[in-house]
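Scroll down for the structure; my scribbles are underneath it.
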Amino acid sequence: MATYTLQINGRRYEADVEADTPLLWVLRDHLGLVGTKYGCGIAQCGACTVHMNGNAVRSCVFPVSAIGTAPITTIEGLSEKGDHPVQQAWEEVDVPQCGYCQAGQMMTASALLSKNPNPSEEEIVSAMNGNICRCGTYHRIREAVALAATKTK
Amino acid sequence: MSTLSKPSRRNFVKLAATAGGGLFLGFSWTGSVASALEVVSDKALASGTLDFNSYLALSPDGIVTILSPNPELGQNIKTSFPMIVAEELDADWTKVKVVQAPLDTTKFERQVTGGSGAVPHSWERLRKAGATARQMLVEAAAKRWKVPASSLKTENGMVLNPKNGKKLSYGDLATAAAKLPVPTDVKLKDPKDFKLIGTAVRNVDNHEILTGKPLYGLDFYREGMLFAVIQRPEAFGMKLKSVDAAAAKAMPGIVDVVTFKNNVAVVGKSTWQVNKARKALKISYTPDAALESSADHDRIFKELLDSPEATVRRKDGDVEAAFKSAAKVVKSEYQCPFLSHSPMEPMNFFAHVRPDGVELVGPTQTPEMARGQVAKLLDIAPEKITVELTRLGGGFGRRLSADYVLEAAELSSLIKAPVKVIWTREDDMTGGTYRPAVRYRFEAALDAKGNMIGYKLRGVGMNAGNPTREDNFPSGAVDNLLIDSVDHKSPITTGPWRAPITNFLAFAEQSFLDEVAHAAGKDPVAFRLELLAKAKKEPVGEVKYDIDRMKGVIDLAVEKSGWGRKKDIAQGFSVYFSHRSYVAQVGEVAMQDNQPVVKKIYAAADCGMVINLSGAYQQVRGGIVDGLGHAMYSNLTFKNGAPEQNNFNGYRLIRMKEVPEVDVHFVNNGIDPTGLGEPALPPTGGAVANAIFKATGKRLYDQPFAEQQGLKTV
């Protein structure tokens, strides 16, 4: 066990965990940030997506000891009031069904838009293809990413 | 650490009581009287001594609160139920709040999510509750203004006097209305006057979902709670022989390793620690039943198809004579694999077994059944067990089984501590209660004019029960018909999977009818319409589907898809009745690089009146994506009793790139609403396979299509 200091959502957190503990479980079990979801544990479904240095990463396979000082953003910190353009678009398009995968979907989408504010439909689909939605809300996710792009401009 | 906010009945009562007066209506969910209503005082609400079954509360600040009893897993019941109340109440929708109720069999009935049955069950009750409250508010306003109640109108949370333009808000009238007797004979709206029902209303939980609030079972945390994972036998047909847990017990964070039944539970302080320690277990198993492989299933299916011992499900006329006299016979077999439900939130449940009672918290589609089974297991009266419902991260039927609830309860009773049992994705995929593998043999006899004079269906399955729906179309439309089935008892466990049985039967039947239509030289739609016309004119035996409603969705799908009028794209047709609703679909396939590619699916649905257009549209589209994905890609195979896929790297779910355009239309017939959680899924496989046949001349008989045919979608 060792103590790790993490920069998450603009705040400093400490976690006393084993070095190989994935960031996902540090967030969920130790820091109470349960908005980031467990879906597969092998970086196949995208439910656990967070931002590290602004990039979308799969927290379920990212060991806490490899994070260092890299700033992390989770769904809880995507915006202060839940009004990030992606969150607004998700609400307007009424995307969620069961809702479980949507935090990961939005983290992938917001990382895409921060690098590519005006993605083509093909670029949207390509970026979002790693995130599984078992309810099948894919049409609405695609629509919401495109809508969020118009709000980002 | 965060804790899940708990919208329990107690909280709700407090919320209502502290609002300081107002109208509280208790209305009945149970019994034959659809909606007996009674005004409830806030004191009685606070004391919790009421006999009434549910509450509709209107506080002086105008907030309308309603308790929602059914588990929410993405079917959007938590939004559509209050919409029904708000419609009849003429409430201001922005002031409606909905609270998830815990299990309470003294207050509610049918606290189940399954069978697409919640809305049909509660439609009348919810409307009457809203209408009664509205009438009381109108009467309160009439008294205050000293005018006849019949001269007043309601709109958007206000009572209006059209003669002088005066207005009173519901909040202002709530306390006065509560003092009036409850009217026994309220008038419901004419559906043509509905303002809210039939519109697109967003999910009431969107904000909490989109900001990552703790909503799901896996998010639940209780101070002092332990975490557990369970190693179950890796193959169906194996049982536990011996366990060496010494190494696992010595690992950091591990509290105990407990063996019960065939389970070895690792209990500890965090999810990661128990998962790591689990890998250090040394367990040996011994077989106690057949260790079946998929190749065995293929062989067993062929034996059962020719078995002389089948259960006859339906018999009309003289089938043998019809086939003897036939000018042409069509015969085909269709097969599907086992499927995992794979909801995105894996199985999990919290249990705290104390000497004085049991607390259960988590995601289940059947809280009452889960409680009953836990009561039996622990020999505790059900009244001493509470079940709190979290939001479900999907279900698809998997959470109709309570196995994981029982595990949590048994483990908590053994370790005498609060514990959450968590299934990993691998546990979830290899842990059983699958969609059963099934094989069908269809035979059709045609006369010289291409009329279907005989029809035979045998269904054989792996723990599938009755894999036929013997009273469904085309039963009733064929003079000579025989439907029977044979079941194989397999150690592999099965259970309901979204649109049980029909999720594959519909594909097989609709593909076969397409084959028969082609053999008869008829357009597939015209062929079905001929059969329906015959069933209407000269019904054979009992007909349990509504012929006009089935024709209605066929006509709408034909119109919207331009059936038979498109030259550059291949179309396939499918129509199916399930869970009280009717859905017709047209699949469109184009050839790209010599490959059939699914480009678009049109759907025409008749679920009666649509409550929430946004939820309903997505329910149909999501059902089609689900139906397409599993028909195309998903396959759970077995080797010596063990599943050969254990996560999303080997078991394929549909992804965004593979989703075609989907165009949804509803038949607007004003009939009382029926279900929509399942009915859109069954027709999809057939619509797509029939379009692929049209494009390539190749019939698809086995699912998944892509694996066996090398097919692409978009």
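The values are calculated or read from the model by the stated rules, or taken from the named source; none is laboratory data. What you see is a predicted model, and the numbers here were worked out from it, not measured in a lab. Virtual Cβ from ideal backbone geometry, glycine too; neighbours counted across all protein chains shown. Only protein heavy atoms, including side chains, enter the accessible area calculation; ligands, DNA and RNA are left aside. Shrake-Rupley method; radii C 1.70, N 1.55, O 1.52, S 1.80 Å.
Dipole of the stretch A:1-111, Cα-centred, from +1 at each Lys and Arg C-beta and -1 at each Asp and Glu C-beta, to the nearest 20 debye? Display every interim value, and only then the final one.
Details: 6 positive and 11 negative charges, 34 e Å.
Approximately 160 debye in magnitude.
So what J values fall out for the stretch B:67-79 if you push phi through Karplus, 6.51 cos²θ - 1.76 cosθ + 1.60 with θ = phi - 60°, rounded to Hz, Gly and Pro as x?
Rounded to whole hertz, the list is 7, 10, x, 8, x, 9, 10, x, 7, 6, 5, 5, 9.
Just add up the charged neighbours of B:Gly397: K/R +1, D/E -1, any other residue whose Cβ is under 12 Å from the Cβ of B:Gly397. Provide the component values of the computation, followed by the final result.
Values: positive: B:Arg398, B:Arg399, B:Arg435, B:Arg498; negative: B:Asp626, B:Glu678.
Spelling it out: positives minus negatives among the neighbours equals +2.
Considering only DSSP beta bridges where both residues belong to the protein assembly as shown, give the percentage that are antiparallel (nearest 5).
Details: 105 of 139 bridges.
Once the DSSP bridges in the protein assembly as shown are tallied, antiparallel ones form about 75 percent.
At a probe of 1.4 Å, how much accessible area disappears from chains A and B on forming the pair, both sides counted, to the nearest 100 Å²?
On the way: alone 7920 and 28500 Å², together 31410 Å².
Separately minus together, A and B give about 5000 Å² buried.
Could I have the simple spin-label model distance between B:Ala321 and B:Asp193, label points 7 Å from Cα toward Cβ, reported in nm to one decimal?
If labels sit at B:Ala321 and B:Asp193, their model points lie 5.8 nm apart.
Taking only the alpha-carbon atoms of the stretch A:85-152, what semi-axes of the equivalent ellipsoid follow from 5 times the gyration tensor eigenvalues under a square root, in whole Å, largest first? The partial results should precede the final answer.
Numbers: eigenvalues 57, 32, 19 Å².
Sorted largest first and rounded, they come to 17, 13, 10 Å.
Residues with amide H under 5 Å of B:Arg314's amide H, sequence separation 5 or more or different chain, H placed in the peptide plane at 1.01 Å from N; which?
For B:Arg314, the qualifying residues are B:Ile483.
Can you work out ³J(HN,Hα) from phi for every residue in the stretch B:461-468, in order, using Karplus 6.51 cos²θ - 1.76 cosθ + 1.60 and θ = phi - 60°, giving whole Hz and x for Gly and Pro?
Ordered by residue, 3J(HN,Hα) equals x, 9, 6, 9, x, 8, x, 10 Hz.
If you find the alpha carbon centre of the stretch B:229-270 and of the stretch B:112-191, how far apart are they in angstrom?
58 Å
Say the dipole of chain B comes from +1 at the beta carbon of Lys and Arg and -1 at that of Asp and Glu; which of B:Pro660, B:Pro418, B:Thr366 then lies farthest toward its positive end?
B:Pro418
Positive end of the charge dipole of the protein assembly as shown (Lys, Arg +1 and Asp, Glu -1 on Cβ, about the Cα centre): tell me which of B:Asn649, B:Gly587, B:Ala247 has its Cα farthest that way.
With unit charges placed on the Cβ atoms, the residue in question is B:Gly587.
Between B:Asn164 and B:Leu414, what is the spin-label point distance in nm, taking each point 7 Å from the Cα along the Cα→C-beta axis?
7.5 nm
Identify, among B:Ala118, B:Val610, B:Ala86, the residue whose Cα sits farthest towards the positive end of the charge dipole of chain B, taking +1 on the Cβ of Lys and Arg and -1 on the Cβ of Asp and Glu, with the dipole about the Cα centre.
Checking the options against the dipole of chain B, the answer is B:Ala86.
For the pairs A:Lys37/B:Lys279; B:Lys328/B:Lys599; B:Lys97/B:Lys195, flag any whose C-alpha to C-alpha distance is greater than 29 Å.
Details: A:Lys37/B:Lys279 23 Å; B:Lys328/B:Lys599 34 Å; B:Lys97/B:Lys195 18 Å.
Check vs 29 Å cut-off fails for B:Lys328/B:Lys599.
Quick check: at a probe of 1.4 Å, how many percent of the accessible area of the stretch A:2-77 sits on carbon and sulfur atoms? Provide the component values of the computation, followed by the final result.
On the way: 1200 of 2580 Å².
Result for the stretch A:2-77: 47 percent of the exposed heavy-atom area is carbon or sulfur.
Using only atoms on other chains, find how many Cβ atoms lie within 10 Å of each Cβ of peptide A:85-98 and report the average. Can you show the working numbers first?
Details: counts 0, 1, 6, 1, 1, 3, 6, 2, 3, 12, 6, 10, 12, 19.
Across A:85-98, the average partner-chain Cβ count within 10 Å equals 6.
Below 8 Å, C-alpha to C-alpha, sequence gap of six or more: please give me the relative contact order for chain A in percent. Don't skip to the answer; put the middle values down first.
Numbers: 268 pairs, mean separation 36.1, N = 153.
Across chain A, relative contact order equals 24 percent.
At 1.4 Å probe radius, can you tell me the per residue accessible area of the protein assembly as shown in Å²?
Counting only protein heavy atoms, the per-residue value for the protein assembly as shown is 36 Å².
Within the stretch B:625-714, report the GluC sites (Glu not before Pro) that DSSP leaves as loop and that have at most 15 other Cβ atoms within 10 Å.
In loop regions of the stretch B:625-714 (DSSP not H, G, I, E or B), the sparsely surrounded GluC sites (Glu not before Pro) are B:Glu644.
Any chance you could check the Cα centroid distance between the stretch B:506-565 and the stretch B:407-440 for me, in angstrom?
42 Å
With +1 on each Lys and Arg Cβ and -1 on each Asp and Glu Cβ, and nothing else charged, work out how big the dipole of the stretch A:85-152 is about its Cα centre, in Debye to the nearest 20.
Values: 5 positive and 7 negative charges, 35 e Å.
Roughly 160 debye, rounded to the nearest 20.
Restricting to Cα pairs below 8 Å that are 6+ residues apart, what does the relative contact order work out to for the stretch A:79-143? Please round to a whole percent.
Numbers: 37 pairs, mean separation 27.1, N = 65.
Normalised by residue count, the contact order of the stretch A:79-143 is 42 percent.
Which far-off residues, 5 or more places away or on another chain, put their amide H under 5 Å from the one on B:Asp702, with H placed in the peptide plane?
Under 5 Å from the amide H of B:Asp702: B:Gln335.
Can you tell me the relative contact order of the stretch A:2-77? Whole percent, Cα pairs under 8 Å, sequence separation 6 or more. Please report the intermediate quantities before stating the final value.
Details: 146 pairs, mean separation 28.6, N = 76.
Once divided by the residue count of the stretch A:2-77, the mean separation gives 38 percent.
So which trypsin sites (Lys or Arg not before Pro) in the stretch B:239-331 end up in coil per DSSP with only 14 or fewer other C-beta atoms within 10 Å?
Details: sites: B:Lys239, B:Lys241, B:Lys249, B:Lys261, B:Lys269, B:Lys276, B:Arg278, B:Lys279, B:Lys282, B:Arg299, B:Lys302, B:Arg313, B:Arg314, B:Lys315, B:Lys324, B:Lys328, B:Lys331; in loops: B:Lys261, B:Lys269, B:Lys279.
Counting only loop positions with at most 14 other Cβ atoms within 10 Å, the trypsin sites (Lys or Arg not before Pro) in the stretch B:239-331 are B:Lys261, B:Lys279.
Can you work out ³J(HN,Hα) from phi for every residue in the stretch B:588-601, in order, using Karplus 6.51 cos²θ - 1.76 cosθ + 1.60 and θ = phi - 60°, giving whole Hz and x for Gly and Pro?
Here the 3J(HN,Hα) series is 10, 10, 10, 8, 10, 6, 6, 10, x, 10, 6, 9, 7, 10 Hz.
Once you order the gyration tensor axes a ≥ b ≥ c over the Cα atoms, which shape class does chain B get: rounded for a/c under 1.5, otherwise prolate or oblate by comparing a/b with b/c? Spell out each step's value before the answer.
On the way: a/c = 2.10, a/b = 1.16, b/c = 1.81.
Here chain B falls in the oblate category.
Name the residues whose placed amide hydrogens come within less than 5 Å of the amide hydrogen of B:Glu38, ignoring near sequence neighbours (fewer than 5 apart) on the same chain.
B:Gly26
Using Cα-only point scatterers and the Debye equation, what is log10 of I(q)/I(0) for the protein assembly as shown at each q in 0.08, 0.10 Å⁻¹, rounded to two decimals?
Listed by q, the Debye log ratios stand at -0.76, -1.18.
Please identify every one of the trypsin sites (Lys or Arg not before Pro) in the stretch A:34-83 that sits in a loop by DSSP and has no more than 11 other beta carbons within 10 Å of its own beta carbon.
Values: sites: A:Lys37, A:Arg58, A:Lys81; in loops: A:Lys37, A:Lys81.
Hits after loop and neighbour filter: A:Lys81.
Report the label-to-label distance for A:Glu92 and A:Ala70 in nanometres (one decimal), using points 7 Å from each Cα along the Cα→Cβ vector.
3.2 nm
Just to confirm my numbers, what's the Cα centroid distance between the stretch B:55-98 and the stretch B:318-391 in Å?
So the two Cα centres are separated by 28 Å.
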